[in-house]
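Trainee: I have a structure I would like to understand better, so I am pasting it below and will then ask my questions one at a time.
Every number in this text was worked out from the coordinates using simple rules, so none of it is lab data. Source: prediction; values computed, not measured. Heads up, the Cβs are rebuilt from the backbone with ideal geometry, glycines too, and the neighbour counts pull from every protein chain shown.
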Amino acid sequence: MVRSFLRDTDFSRDEACEVFELAARYKRLRAAGVLDVLKGQSWGLIFFKKSTRTRLSFEAGIYELGGHPMVMNAGDLQLSRGETVADTAKIMGRYLHGLVIRAFEQEVVDDFAKHSGLPVVNALTDLLHPCQSYADMFTMMEYFGSEGANPDSIKGRKFVFFGDTACNMAYSLALAGSMFGVEVVLCGPEEFRPGPELDELFADASLKPSYSFTSDPAAAAKGADILYTDVWVSMGKEEEKADRIAKMAPYQVNEKLFKLANKNAAFMHCLPAHSGEEVSEGVLRGSRSIIFDEAENRLHVQKAIISMLVKKNAG
Ligand code: CP
Ligand code: NVA
């Protein structure tokens, strides 16, 4: 069975640690030039949704690993005229060596993996965003650790996610955080609390959750090491915009909330950010914000994820 990275838990904790070590090495040695991990390989990048960071970091990353990235807007493929995912995937399996896919339904990335016979990387679905959560764990290890990617440096840290706690980022952070013993607190309106699908993800992976939910932002921020937020209106939820903004307003990450956190707490955001909505301009641009290191780390971590898949599938 070809290994893919469709869910945060598709790597064991040990494999994820190996990913982070490799990412640290790739980051240190980037200037040394193009590698030959993907020599002779063409990887397809399919986007059903918009992207800046994911598209660019994968495209650059595949090039830097020695491969040839081929970016496709799903709307330009025959898929948009009714060709099935199964047939599209089978065709791609005949031409390419791997796929990176951003889709709405998780089933689409699962089906591409099932029918293509290729390693597939989930580049965000409505359910999960595991490449971002891995980059976030790595960024926390850099921030709290003295050197390299030491998983012990994030164990027991209080990580609070504010806003839409039923979104892809909240779920992926709960899963990845639980793999590393992070105390993940999901904080948002009751109406947007995690659904049963999050518990199912934990059960399917036999992973013990280390997350909790609260609708009290002050209690959540107290003693936090990381304050994290994401847009209140995820891609595909645009029609709910006014309602979401009204209900999530009390969960804005701002200076007042930050005062309750630990002295050296950092602010993180997967980006793109909506300044003045989920985060105040002062926090977003302030000295505690590590958003650009976080975004940069997408590149290094994704190169390591792809390299791990290549290694596991060769072995
Ligand atoms: N964080 C993230 O995935 O950004 P993009 O939507 O720009 O890819
Ligand atoms: N929750 C956001 C993440 C964007 C990277 C979305 O799905 O739009």
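Trainee: With viscosity set to 1.306 mPa s at 10 °C, what whole-number translational diffusion coefficient in µm²/s follows for the range 154-216 from Stokes-Einstein and a Kirkwood radius over Cα pairs?
Mentor: 139 µm²/s
Trainee: Still on this structure: Can you give me the angle between helix 13-28 and the longest principal axis of the chain, using Cα atoms only, in degrees from 0 to 90, rounded to the nearest 10?
Mentor: With rounding to tens, the tilt is 90 degrees.
Trainee: Which lysines, on any chain, are close to LYS27 with Cα under 20 Å apart, when same-chain ones fewer than 8 places away are left out?
Mentor: Correct list for LYS27: LYS39, LYS303, LYS311.
Trainee: Grab the beta carbon distance between ASP14 and VAL71, set R0 = 25 Å, and tell me the FRET efficiency rounded to 0.05.
Mentor: Numbers: r = 32 Å, r/R0 = 1.30.
Rounded to the nearest 0.05, the efficiency is 0.15.
Trainee: By counting other Cβ atoms within 10 Å of each Cβ, how are TYR228, TYR143, TYR26 ranked from fewest to most?
Mentor: Ascending number of Cβ neighbours within 10 Å: TYR143, TYR26, TYR228.
Trainee: If R₀ is 30 angstrom, what is the calculated FRET efficiency for the pair MET1 and GLU296, using the beta carbon separation as r and rounding to 0.05? Before the final figure, lay out each step's value.
Mentor: Values: r = 33 Å, r/R0 = 1.10.
Here the calculated transfer efficiency is 0.35.
Trainee: With the crude spin-label approximation of a point 7 Å out along Cα→Cβ, what separation in nm comes out for LEU271 versus ALA219?
Mentor: 3.4 nm
Trainee: Follow-up. What distance in nm lies between label points placed 7 Å from Cα along the C-beta direction at SER80 and GLU190?
Mentor: 4.3 nm
Trainee: Quick one: the Cα spread of the range 64-197 along its three principal axes, in angstroms, biggest first?
Mentor: 46, 41, 21
Trainee: Distances longer than 19 Å among the Cα atoms of the range 1-52: what percent of all pairs is that? Kindly include the intermediate steps, with their values, before the conclusion.
Mentor: Values: 722 of 1326 pairs.
Taking all Cα-Cα pairs of the range 1-52, the fraction more than 19 Å apart is 54 percent.
Trainee: Taking the Cβ of each residue in ILE245, ILE154 as the centre, tally the other Cβ atoms inside 10 Å and list the residues starting with the fewest. Walk me through the numbers on the way to the answer.
Mentor: Details: ILE245 14, ILE154 26.
Going from sparsest to densest Cβ surroundings: ILE245, ILE154.
Trainee: For the range 70-135, take N as its residue count and report Rg(C-alpha) divided by 2.2 N^0.38 Å.
Mentor: On the way: Rg = 11.5 Å, N = 66, 2.2 N^0.38 = 10.8 Å.
My calculation over the Cα atoms of the range 70-135 gives 1.07.
Trainee: Rounded to a whole number of µm²/s, how large is the Stokes-Einstein D of the chain at 20 °C and 1.002 mPa s, given Rh as the Kirkwood radius over C-alpha pairs?
Mentor: Values: Rh = 19.7 Å.
Taking Rh from Cα pairs, D becomes 109 µm²/s.
Trainee: Determine how many Å³ per residue the convex hull of the Cα atoms of the range 142-248 encloses.
Mentor: Numbers: hull volume 11.4 nm³, N = 107.
Normalising the Cα hull of the range 142-248 by residue number yields 107 Å³.
Trainee: Determine which lysines satisfy two conditions relative to LYS263: a Cα distance under 17 Å, and not lying fewer than 8 residues away in the same chain.
Mentor: Qualifying lysines at Cα under 17 Å: LYS158, LYS222.
Trainee: Based only on Cα atoms, what Rg/Rh ratio does the range 216-311 have, Rh being taken as Kirkwood's radius? If you can, show how the numbers build up before the last one.
Mentor: On the way: Rg = 15.5 Å, Rh = 14.7 Å.
Reported Rg/Rh (Cα atoms, Kirkwood Rh): 1.05.
Trainee: Please give, to one decimal in nm, the separation of the simple spin-label points placed at LYS311 and ARG288, each 7 Å out from Cα toward the Cβ.
Mentor: Using points 7 Å along Cα→Cβ, the separation is 3.6 nm.
Trainee: Then there is this: Taking a cut-off of 17 Å between Cα atoms, list the lysines near LYS237, but don't count ones fewer than 8 places away on the same chain.
Mentor: Here the lysines satisfying the reach criterion relative to LYS237 are LYS49, LYS50, LYS247.
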